[in-house]
Amino acid sequence: MARWTYVLAVPLALYTLAPSVVVAQSVTAQTPAVPQAATTHVSKEELRQMVAPIALYPDALLTQILAASTYPLEIVMADRWVRAPGNGTLKGDALIRALDGQDWDASVKSLVPFPDILHTMSENIDWTQKLGEAFLAQQSDVLAAVQALRGRAEAAGTLKSTARQTVTHEGSNYVITPAQPDTVYVPAYNPNVAYGTWPDPSYPPAYYPPPTGAYAASALATGLAFGAGIAITNSLWGWGQPNWGAGNVNINASRFNGINANRYNNFRANGAAVTSGNWQHNPDHRRGVAYANPQVRQQYRPGTGANSAQREAFRGRAAPGTSNIGQNRQAPTRRGNAGTIQRPNAGAGNRPNIRSPAGGGGTAQALRNSPRTGGEGRFSGAGSQNRRASAGAPAFQSIGNGAGARAQAAQGRASRASMSGAARG
């Protein structure tokens with residue numbers, strides 16, 4: 001009898017434990033997983049890697065590059081326009097009149113007198129887009145990375161005043177300006193030499209060698225070199241400067257608006273223009289290219305958040321509780337004579353050794369598949385032969401080809417229509 005009592009006791013004991021186990025499993029199954037926040041912050045090491053090729057540029061030129069990098073598709077359009085027959089030789093007033101027919105952002109237009117820079121940004125669109133995304137999300141961190149590298153360049157003996165540039169200090173910050181008021185000398189340098197021993201071996205600096213013959217090889221080997229001076233086009237130059245102490249970019253609204261002065265009647269509602277003294281990104285000039293950074297994407301999503309407030313500023317309405325009236329803006333219309341530009345397969349394009357933030361690759365691929373408009377003729381320029389080769393496909397290789405391009409074109413039109421509809425509301 002005792003043996004049967006023991007045998008029965010074991011299953012009864014297990015039976016009394018079973019409900020608690022089942023309940024525990026049920027509770028665990030019903031508890032939703034806490035979503036992890038997307039990692040969008042770019043480290044200081046990655047930022048130094050990104051800005052290494054441009055950190056030693058004059059402040060005004062650096063500003064133009066940073067602002068224009070937030071409009072990657074217009075960078076490509078402008079580069080192709082410059083390389084179209086007859087456009088590359090335009091100077092002065094003739095260039096200004098020709099540029100008036102293009103509805104690009106003023107920052108992009110201001111890079112047209114610097115065709116090598118524009119072409120480098122276009123050919124290395126992955127780097128350009130990552131730089132722009134970082135600048136939108138972490139403007140002060142990007143500027144801090146520039147200052148950190150300038151400090152290293154000074155310590156290495158690379159950064160100093162010369163007959164072509166003037167280096168001064170604002171507190172602990174380095175300021176670089178052209179030594180001559182009417183000429184800009186763009187420096188060329190190998191970041192692995194110019195900054196001394198690179199501090200982040202895991203994030204080697206991006207480097208894009210200049211065109212062959214443009215700079216003395218011996219000068220590049222020892223630090224920093226200058227090529228031929230570029231005459232300043234007054235109406236395209238000097239509209240913005242980094243505000244190093246505040247970690248943002250200040251603009252001269254009058255000069256900035258003057259770049260597109262004759263476009264306002266067609267491209268901006270009621271002719272209103274920028275009135276703020278701080279640079280602000282204009283999402284219309286993305287032309288449907290998605291933002292890889294989810295926080296930036298949310299900020300500029302049509303109909304919500306900061307983008308809604310920004311449209312009110314574009315309309316010329318003050319934000320609630322303020323008297324600061326921003327620029328007036330409506331969605332751009334497609335030019336009737338705009339053609340689709342196809343790029344021949346020019347071989348493998350250069351890609352910097354940059355670790356991309358989460359989500360960047362898909363956006364870059366979408367950008368490559370975007371249709372190209374805003375010019376005539378066929379682009380045939382390939383990257384400089386002395387640029388480093390990559391196993392990756394050339395940027396924009398499928399533009400204008402097949403269903404992928406048509407799908408991207410439809411997506412861009414839908415995005416612009418959504419923004420336009422929200423603005424009318």
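The values are calculated or read from the model by the stated rules, or taken from the named source; none is laboratory data. In this text, all values refer to a predicted model and were calculated from it rather than measured experimentally. Please note: Cβ atoms are built from the backbone with ideal geometry, for glycine as well, and neighbour counts cover all protein chains shown.
Remarks
- Looking at region 163-268, the helices (runs of 4 or more DSSP H) lying wholly inside it that each contain 1 or more residues that are at pLDDT below 90 sit at 217-222, 253-259, 264-267.
- In a residue-by-residue description of region 176-195, the property of being without any contact (Cβ under 8 Å) to a residue 24 or more places away in the chain and under 23 Å from Q64 (Cβ atoms) applies to at least one position.
- Residues being part of a helix (DSSP H, G or I) and surrounded by 22 or more Cβ atoms within 10 Å (Cβ to Cβ) - total across region 95-116: 5
- Pairs are defined by a Cβ separation below 8 Å, a sequence spacing of at least 6 or placement on different chains, a first member in region 160-172 that is without any contact (Cβ under 8 Å) to a residue 40 or more places away in the chain, and a second member that is part of a loop (DSSP other than H, G, I, E, B) and not small (G, A, S); the pairs so defined are V167/L159; V167/K160.
- Test: residue in region 86-94 that is over 23 Å from A225 (Cβ atoms), in a helix (DSSP H, G or I) and in contact (Cβ under 8 Å) with a residue 60 or more places away in the chain: yes
- Of all residues making up region 119-142, the number that are surrounded by fewer than 23 Cβ atoms within 10 Å (Cβ to Cβ) and among the acidic types (D, E): 1
- Subset tally (residues that are among the aromatic types (F, W, Y) and surrounded by fewer than 17 Cβ atoms within 10 Å (Cβ to Cβ)) for region 143-197: 0
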